[in-house]
Ligand code: GLP
């Protein structure tokens, strides 16, 4: 949390010259964002107002086909956890357009927007139980940029709790930043919590070099990756 709060202080100091944040969604991020909001609400009114003006972030991914007001969309997740409490507009809290007529074009546009903003500064990442980061499903290489992806059975199973516990109800496709954009971030913070992530985290920590079968292993190629894991997630490592 200190790291994130410090990043926001930097954003206040350097304003639009700073690189945007790369944000993630999912249950792992709920306590992270709740803690961040608590910290930021402790700032002076002037600083909070300035932060609203300079805030710039790009989310990793979004389901295709959900309305933005649908509580299961990642747009709604961000509005709930950060947008409303911090009074941020949707235009500074960017999420891929999962309702676009042509999702491939939307993914290309999103990638171009990330690049035009100077690339990601601090990238927050969660970890999928099958090793995905964003929605980069295995097998995946390091060159891919923002793209449309077909979600695996494993991922739809993992995320079914938001869809009445029914994997079939989870959208089949999503837009995700690619590993290329993630690896181009200045620094990466991988957050892994809970017993369900212990097997994949143990596998990741044993790896000596990247392997397409575990997308998160491409992070081994990055010079500045910080892992934040709780005792349950580390229980098999
Ligand atoms: C999801 C999202 C990722 C997220 C990860 C972990 O499918 N696409 O962005 O970081 O998988 O999710 P959770 O934190 O809910 O376990």
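Using a cutoff of 8 angstrom between alpha carbon atoms and counting only pairs six or more residues apart, the relative contact order for segment 2-229 works out to 21 percent.
Calculated FRET efficiency, residue 196 to residue 80, Cβ-Cβ distance, R0 = 25 Å: about 0.65 to the nearest 0.05. As a proxy for reagent exposure, ranking 175, 182 by other Cβ atoms within 10 Å from fewest up yields 182, 175.
Can you order the peptides 70-77, 113-120 by their average number of other Cβ atoms within 10 Å per residue, highest first?
Details: 70-77: 19.2, 113-120: 16.4.
Taking the mean over residues of other Cβ atoms within 10 Å, the ranking is 70-77, 113-120.
Using helices alone, I'd like the mean residue ellipticity at 222 nm for the chain: each DSSP H run of four-plus residues gives -39500 (n - 2.57), total over residue count, nearest 500.
-9000 deg cm²/dmol
Of interest is the spacing of the C-alpha centroids, which for segment 14-41 and segment 150-171 amounts to 25 Å. DSSP finds beta bridges in the chain, and of those with both partners inside it, around 40 percent are antiparallel. Quick check: from the Cα gyration tensor, does segment 118-237 come out rounded (a/c under 1.5), prolate or oblate? Oblate.
Give the shape of the chain as rounded, prolate or oblate, defined through the alpha-carbon gyration tensor: a ≥ b ≥ c are the square roots of its eigenvalues, a/c under 1.5 means rounded, and otherwise the shape is prolate if a/b is larger than b/c and oblate if not.
Rounded shape, in that the Cα axes give a/c under 1.5.
Throughout, read-outs are computed from the coordinates displayed, never taken from laboratory work. Only a predicted model underlies this, so the values are computations on that prediction, with no experimental measurement involved. Cβ: placed from backbone, ideal geometry, glycine included. Neighbour counts: every protein chain shown.
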